[in-house]
Amino acid sequence: METNKRTRKRRGNSRYYLFFFVSLMVIAITGLGIWFALTNVKFLNLQKIEIVGNKAIPDSLIQQIARPYLGANLIALSGKELQHKLHKLSRIKDTKLRKKLLHTLEIQITERSGFIYLKTLEGDLFPIDSDGVVLARYSQIYLEDLPIYSSYLSTGQLKAGRRILNPSLNRVLNLQKRIQKEAPDFLPYVSEYYLIDNTINIIDARHGTRLIPSAEDLSAQLSRYQFVQENGNINKHSVVDLRFKNQVVVKAGNKL
């Protein structure tokens, strides 16, 4: 009798398992049917593309890349494929796509910001980001207010999207980062960077004075320089050496 009871119990459990399996199959097939229907209906086709977050990259360029997707089903649209194409633009750091039913795709752009302008031997200016990557320019007008670094690189050596591996440029970028972190109020006054005798010089945009920055206490030394500049009589073409602790040493300089 005990054996018969156990057998009936197992058979009862098997019916529940079968019912559960069949239910899952029905749900899966129904879901696939709904997905197939939604990805093939015309009333969900993409009709409008909205672009937000871009400053340097013109809307027309992004629209040109995204235009082939117009008319495609919004739900079935391959976001990764579109993002891959957009990321070929050197200015784009990140993108996010937002599908807005029924007909709109919003493209959210995060751009790489220019950090300095690199001036080549030919006199051309290229925007460079903080990692040393050359950024594309889409206008003849320089829209970003950035300091200039005069280098010994030629125009032919620079290509948008490529990182420049140059020790001198890295030193300038690191100094700019130090100023940004330690003395951000002084950053707008940096007009140009030069390397003279392997020493970085900064040109003060307000006075034309040439500064040799200190390796330590940069914020304090720049504050001392500004105090002396405001209360003293520093010649326009003077060289101000800030490498001496707690001192501002003014030297006669030559016009660059």
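We did not get these values from a lab; they are worked out from the coordinates using the rules stated. Note that the structure is a prediction, hence the values are computed from the model and not measured. Every residue, glycine as well, gets a Cβ built from its backbone with ideal geometry; the counts of neighbours run over all protein chains shown.
Might you report the magnitude of the Cβ-based charge dipole of region 116-251 about its Cα centre, with Lys and Arg at +1 and Asp and Glu at -1, to the nearest 20 debye?
Computed about the Cα centre, the dipole is about 220 debye.
Which Cα, out of SER223, ASN170, LEU242, lies furthest along the positive dipole direction of region 116-251 (beta carbon charges, K/R +1, D/E -1)?
Of the candidates, ASN170 comes out farthest on the positive side.
Quote the convex hull volume per residue of region 44-111, based on C-alpha atoms, as a whole number of Å³.
Enclosed volume per residue, from the Cα hull, is 69 Å³.
If you take the square roots of the eigenvalues of the alpha-carbon gyration tensor of region 134-197 and sort them as a ≥ b ≥ c, do you get rounded (a/c under 1.5), prolate (a/b over b/c) or oblate?
Since a/c reaches 1.5 but b/c is at least a/b, the shape of region 134-197 is classed as oblate.
Considering only DSSP states other than H, G, I, E and B, which GluC sites (Glu not before Pro) in region 82-182 qualify as loop sites with at most 11 other Cβ atoms within 10 Å? Walk me through the intermediate numbers first.
Values: sites: GLU106, GLU111, GLU122, GLU144, GLU182; in loops: GLU122, GLU144.
Passing both the DSSP loop test and the Cβ count: GLU122.
Compute the label zone of SER139 within region 56-78: residues whose backbone N is under 17 Å from the point 7 Å along Cα-to-Cβ.
Once the point is set 7 Å along Cα→Cβ of SER139, 56-63 turn out to lie under 17 Å by backbone N, inside region 56-78.
Using 0.36 nm per residue of separation minus the Cα-Cα distance, give me the extension gain between ALA220 and ASP131 in nm, one decimal.
29.4 nm
I'd like the Karplus ³J(HN,Hα) series for region 72-83: coefficients 6.51, -1.76, 1.60, θ = phi - 60°, whole numbers in Hz, and an x wherever there's a Gly or Pro.
3J(HN,Hα) across region 72-83, in whole Hz: 7, 5, 5, 6, 7, 4, 7, x, 5, 5, 5, 4.
Give the distance, in whole Å, between the Cα centre of region 92-135 and the Cα centre of region 199-232.
One Cα centre to the other: 32 Å.
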